[in-house]
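First up is the structure itself, then whatever we jot down about it.
The values are calculated or read from the model by the stated rules, or taken from the named source; none is laboratory data. Please read these numbers as outputs of a predicted model, since none were measured by experiment. We place every Cβ from the backbone using ideal geometry, glycine too, and count neighbours over all the protein chains shown.
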Amino acid sequence: MDSVNTVIVTYNRLALLQECIAAVLIQTFPLNKIIIVNNASTDGTKDYLATLPASNFVIINQKKNTGGAGGFNAGMKKSVDIGADWTWLMDDDTIPNPDTLEKLMYRSSIVPNTGFLCSRVLWTDGTVHKMNTHVPKNIHGFVFCEYIDDGILLCKSGSFVSCLIKQSVIAAVGFPIADFFIWSDDTEYTLRITNAEFFGLMVIDSIVIHKTVRNFIPQIPDATPDIFWKFYYDQRNKIYLLRGEFPFSLKYLYMFIKTFIINSKQCLKNKGERFKLLSIVFKGMLAGFFFYPKIER
């Protein structure tokens, strides 16, 4: 039987982390180690983690908040050091069903050259979570629904809200980019996997609940001032991805300008400090133009 390590990244959400851990502990597929990356939480998380048994848990207490991207980078490195056939990633607000991992593992050998498998992500009311949809793609010459009878849709990219990655694939493509800090790190990483000719799968009956405050996609027009800062990383990382899709060319320049015009219009629709938001978004886009993060292998 293949072995699986779980990586959970947490920051100042102790109650949700405890719920996530409880759900992971009752998985019907046995786990090797549960690796928890604590991003310098200040809400008592560190003290709680110190009470967990070393036989099941490996705790990484970061000296500073490295964001989700830095957390997954650190957790995946530790998983590789410990050793396992697969690494299962999730945030602290991810609540898997008892059979979520079992259903992922059941499909892990159906599609040749599988690189990663993602769960279907629902919100607390049972509707599909808008933030974590996996857009199906025709990939590597196969129609996206080629394996629909096996409960699988092929996808080009996926979310780290329950993502199972083959350890040999990590060796082939490296680790998530820690410098992304937040947002798009999972998109970049899973795209890196499928661009390396591996397959990405979304397993329809492997289900997790993503316990966000509301079911939404973060968008510029709806952003509140307390999260304006996140859109710096959002735009910087997206411009990096855009450059990968259209390496420096007239097409890339055209898409950059088009994106800036669209973002400007969206900022002006915001009911808050719209010009402050526009400044943050523009700085993020400009930073993305010169953003060359290191991919660790």
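Consider Ser168 against the criteria (1) over 22 Å from Tyr11 (Cβ atoms); (2) surrounded by 15 or more Cβ atoms within 10 Å (Cβ to Cβ): it satisfies all of them except one. Which criterion is unmet?
(2)
Being surrounded by 14 or more Cβ atoms within 10 Å (Cβ to Cβ), touching a Pro at 6+ places or on another chain (Cβ under 7 Å), over 14 Å from Leu164 (Cα atoms) and not acidic (Asp, Glu) narrows it down to one of Asn39, Asn61, Asn73, Asn97, so name that one.
Of Asn39, Asn61, Asn73, Asn97, the one residue that is surrounded by 14 or more Cβ atoms within 10 Å (Cβ to Cβ), touching a Pro at 6+ places or on another chain (Cβ under 7 Å), over 14 Å from Leu164 (Cα atoms) and not acidic (Asp, Glu) is Asn73.
So if I check each of Thr6, Thr51, Thr45, Thr28, which one is of a type in the set (Ser, Thr, Tyr) and surrounded by 24 or more Cβ atoms within 10 Å (Cβ to Cβ)?
Thr6
Would you point out the residue of the range 54-84, among those that are under 15 Å from Glu296 (Cα atoms) and hydrophobic (A, V, I, L, M, F, W, C), that is farthest from the chain's Cα centre (by Cα)?
Val80
Within the range 85-170, considering only strands (runs of 3 or more DSSP E) that don't extend past its boundaries, which have at least 3 residues that are under 27 Å from Arg297 (Cα atoms)?
Because the criterion is at least 3 residues that are under 27 Å from Arg297 (Cα atoms), the strands (runs of 3 or more DSSP E) in the range 85-170 that meet it are 86-91, 114-122, 163-166.
So Gln27 ticks every box in (1) under 17 Å from Ser162 (Cβ atoms); (2) over 21 Å from the mean Cα position of the chain (by Cα) but one. Which box is left unticked?
Going through the list (1) under 17 Å from Ser162 (Cβ atoms); (2) over 21 Å from the mean Cα position of the chain (by Cα), Gln27 breaks only (2).
I'd like to know if the range 218-239 contains one or more residues that are touching a strand residue (DSSP E or B) at 6+ places or on another chain (Cβ under 9 Å) and either more than 28 Å from Lys269 (Cα to Cα) or of a type outside the set (Gly, Ala, Ser) (or both).
no
May I ask you to verify whether Thr66 is among the hydroxyl-bearing types (Ser, Thr, Tyr), more than 24 Å from Thr194 (Cβ to Cβ) and touching a strand residue (DSSP E or B) at 6+ places or on another chain (Cβ under 9 Å)?
In short, yes.
Quick one: in the range 143-152, which of the residues that are touching a residue at least 40 places away in the same chain (Cβ under 8 Å) and surrounded by fewer than 22 Cβ atoms within 10 Å (Cβ to Cβ) is nearest to Gly75 (Cα to Cα)?
This residue is Gly151.
Give Thr28, Thr6 a once-over and let me know the one that is in a strand (DSSP E or B), of a type in the set (S, T, N, Q) and closer than 15 Å to Val208 by Cβ.
The match here is Thr6.
Give the range 31-49 a look and list any residue that's touching a strand residue (DSSP E or B) at 6+ places or on another chain (Cβ under 9 Å) and outside any helix (DSSP H, G or I), or say none.
Those that are touching a strand residue (DSSP E or B) at 6+ places or on another chain (Cβ under 9 Å) and outside any helix (DSSP H, G or I): Leu31, Asn32, Lys33, Ile34, Ile35, Ile36, Val37, Asn38, Asn39, Ala40, Ser41.
With the requirement that a residue be in contact (Cβ under 8 Å) with a residue 60 or more places away in the chain and assigned to a loop (DSSP other than H, G, I, E, B), what does the range 9-25 give you? Quick ask: steps written out before the conclusion?
Step one: of the range 9-25, the residues in contact (Cβ under 8 Å) with a residue 60 or more places away in the chain are 9-11, 13, 16-17, 19-20, 23-24.
Correct list: Tyr11, Arg13.
Which one is modelled with the lowest pLDDT, of the residues in the range 262-297 that are under 21 Å from Leu250 (Cα atoms) and either aromatic (Phe, Trp, Tyr) or loosely packed, with under 12 Cβ neighbours inside 10 Å (or both)?
Filtering the range 262-297 for residues that are under 21 Å from Leu250 (Cα atoms) and either aromatic (Phe, Trp, Tyr) or loosely packed, with under 12 Cβ neighbours inside 10 Å (or both), the one modelled with the lowest pLDDT comes out as Phe289.
Could you list, in sequence order, the residues of the range 215-241 that are in contact (Cβ under 8 Å) with a residue 12 or more places away in the chain and either more than 25 Å from Lys276 (Cα to Cα) or surrounded by fewer than 18 Cβ atoms within 10 Å (Cβ to Cβ) (or both)?
Asn215, Phe216, Ile217, Pro218, Gln219, Pro221, Asp222, Thr224, Pro225, Trp229, Lys230, Leu241
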